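> Take this structure first; my questions come after.
What follows is calculated from the coordinates using simple rules that are stated; it is not laboratory data. Please read these numbers as outputs of a predicted model, since none were measured by experiment. Here Cβ is always computed from backbone atoms with ideal geometry, including for glycine, and neighbour counts include all displayed protein chains.
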Amino acid sequence: MMSKPERRQRIFISYRRADGAGQAGRLADDLDRLLGDRVFMDVSDIAPGAEFEQVLRSELASCGAVLALIGPRWLASFDGRPHEALDYVRLELETALAQQGLHVVPVLIGGAELPGDAQMPAGLAALAKRQAVILRDDRWQDDVANLARELRAVLMLRRRLWPSIAAAGLLAVALSGWLLMNRTPAPAAFSREQADEISAKATQKAAAACRPAPAGSCPLVFRFQPDGTAQQVYFDSGSCMLKAPPFGDCMLDKLASVRIPPFNDLDAAEVGLDLVVEQGGAVRVVPQP
């Protein structure tokens, strides 16, 4: 009797680096957090020296869902590329669409719209017939949570069941301890010093992840709601090379999830800082007075 094949429960993210690298990385992190460590992304998951095309085909053969990230420049990125030329995004999606039972989901980012059949690059027209998912920057967490629920159903993911009541009791104790350690702190007076420190550290970390960056200086503003979430993060007015994509888009994407302790003495709080990238690539973050 033949054994039943193992259900494919991994997720492959296909994206164009010049069109949605920041959103792709953020989406991979969020899905790993919501669904477990099951997301493949070429930048982080292909070992040095590995044969690129072979790894991609192998991963696609083991995945149950492919998320095709489509941003504002996705369609234009195919212009001038002959169909015979090696294009990994085209290879990923053509291979995925040819596999029966593989769920290929167009994911629209940055306000992009799904191209029609006639607009699609050669070999990818079937992608226009797939139901698309929209990830909005101002509703990112909600939209990703909805996508995760759909993927959980499509991939038939199950949460692990504990085999005994004793184990369930241990889980309850552990969960209680975790909740005590991770519960949201009670609102207090807004602390500018603490907000400056958290915003500066997050900006330093985001700049390191979004490199390479052009040299220059640019003011950044964080506007926080009383619950501590970032209501808005934006580059302040004026001309600044650091605003330009892909670095500028990547920075704003990564900083949108910054949180500070909740406060109850203001309707909203703003934190300003100066992001400075030296000619050699060194990054400095200076809180504004």
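> How high is the relative contact order of the stretch 10-154, given as a whole-number percent (alpha carbon pairs under 8 Å, six or more residues apart)?
Working: 196 pairs, mean separation 37.6, N = 145.
Relative contact order comes out at 26 percent.
> Take the stretch 10-154, compute every pairwise Cα distance, and split them into 10 Å bins from 0; I just need the percent in each bin.
For the stretch 10-154, the binned pair fractions read 11, 45, 37, 7 percent.
> Mind ranking 65-77, 203-215 by how tightly packed they are, going by the mean number of other C-beta atoms within 10 angstrom, highest first?
Output ranking for 65-77, 203-215: 65-77, 203-215.
> Suppose every K and R has +1 on its Cβ and every D and E has -1 on its Cβ; what is the size of the dipole of the stretch 10-154 about the Cα centre, in Debye to the nearest 20? Provide the component values of the computation, followed by the final result.
Details: 16 positive and 22 negative charges, 58 e Å.
Using only the charged Cβ atoms, the result is roughly 280 debye.
> Taking the mean number of other Cβ atoms within 10 Å as a proxy for protection, how do you rank 94-102, 20-28, 220-228 from highest to lowest? Mind dumping the intermediate values first?
Values: 94-102: 14.3, 20-28: 23.6, 220-228: 19.0.
Taking the mean over residues of other Cβ atoms within 10 Å, the ranking is 20-28, 220-228, 94-102.
> Given the peptides 188-195, 145-152, 104-111, arrange them by the average over their residues of other C-beta atoms within 10 Å, most packed first.
104-111, 145-152, 188-195
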